[in-house]
Amino acid sequence: MDFVTICCVQDMPLLKLQARSMDLYLREFPTDRIIVVVNGWFKKFQNYLETDIRPLYGHLSNKVEFISSTDLITPSPNPNGYYTQMLLKILAARMVTAKEYCMLDAKNFLFKPWQTSDVYQDHKLRVSYIKWITEEWTDHWQNSFAYYGLDYTEHKWFCQLTPFFAHTEFIRTMIDDDLINLFKQQIKVIEFAL
């Protein structure tokens with residue numbers, strides 16, 4: 001299975017949490033590749049990704065690929081926008097080489113060892129769900145950062161979404177010019193409204 005993370009540049013420090021949790025909790029899970037799509041100023045952060053983020057993946061560091069959003073869509077519209085993020089999540093299927101993949105945001109992290117049975121049930125991908133966390137920093141979330149040796153005060157807000165799983169070929173069938181143009185139009189409408 002591949003893992004794909006779409007990361008806005010302002011969320012990049014949260015990749016530290018994700019990377020450490022993957023190193024710790026994917027030791028027995030079949031991980032083919034970890035693709036991190038940087039949404040915005042990739043070249044500015046390329047050195048940071050290599051020196052500060054890659055080593056945190058530990059035993060998985062050789063499976064990590066950092067790519068720019070412009071590798072998926074050129075030009076990359078409004079890198080901070082919601083619709084751009086959603087479009088990149090669909091287009092990322094083009095980069096996946098495994099049959100199935102797990103889509104993440106930079107804000108996601110693992111908190112227990114993953115087993116194959118956590119992802120597959122009766123030889124089929126399980127359906128994931130969404131859990132919203134408010135802007136309030138509970139002791140639980142503070143302790144999560146402390147567990148990985150990180151300072152939660154570096155982050156102004158936090159939203160934890162559980163991952164969702166996808167069949168690569170199924171998502172690729174959704175990608176066509178009409179879909180891309182629809183997202184681009186929506187992005188323009190939102191930018192104009194701002």
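The values are calculated or read from the model by the stated rules, or taken from the named source; none is laboratory data. Quick caveat: nothing in here was measured; it's all calculated off a predicted structure. All Cβ positions, even for glycine, are placed from backbone atoms using ideal geometry, and neighbour counts span all protein chains on display. For the accessible areas, the whole protein counts, side chains as well, though only heavy atoms, and no ligand, DNA or RNA atoms are used. Shrake-Rupley method; radii C 1.70, N 1.55, O 1.52, S 1.80 Å.
Might you let me know whether region 131-153 holds any residue that is surrounded by fewer than 15 Cβ atoms within 10 Å (Cβ to Cβ), among the hydrophobic types (A, V, I, L, M, F, W, C), under 26 Å from Leu17 (Cα atoms) and at pLDDT 70 or above?
Scanning region 131-153 turns up at least one residue that is surrounded by fewer than 15 Cβ atoms within 10 Å (Cβ to Cβ), among the hydrophobic types (A, V, I, L, M, F, W, C), under 26 Å from Leu17 (Cα atoms) and at pLDDT 70 or above.
Among the candidates Phe111, Phe158, which residue alone is open to solvent by 40 Å² or more (accessible area, probe 1.4 Å), among the hydrophobic types (A, V, I, L, M, F, W, C) and either at pLDDT below 65 or closer than 22 Å to Pro30 by Cα (or both)? Give the steps one after another, and end with the answer.
Details: Phe158 fails: open to solvent by 40 Å² or more (accessible area, probe 1.4 Å).
On inspection, the qualifying residue turns out to be Phe111.
Looking at region 62-78, is at least one residue at positive phi and either assigned to a loop (DSSP other than H, G, I, E, B) or among the polar types (S, T, N, Q) (or both)?
Yes, some residue in region 62-78 is at positive phi and either assigned to a loop (DSSP other than H, G, I, E, B) or among the polar types (S, T, N, Q) (or both).
For region 9-34, which residues satisfy the criterion of being crowded, with 21+ Cβ neighbours inside 10 Å and assigned to a strand (DSSP E or B)?
Answer for region 9-34, where residues must be crowded, with 21+ Cβ neighbours inside 10 Å and assigned to a strand (DSSP E or B): just Ile34.
Just checking, does region 15-24 include any residue being touching a strand residue (DSSP E or B) at 6+ places or on another chain (Cβ under 8 Å) and more than 19 Å from Met103 (Cβ to Cβ)?
no
If you scan region 43-59, which residues turn out to be open to solvent by 30 Å² or more (accessible area, probe 1.4 Å) and out of contact with any helix residue (DSSP H, G or I) (no Cβ under 7 Å at 6 or more places or on another chain)?
Lys43, Lys44, Gln46, Asn47, Tyr48, Glu50, Thr51, Asp52
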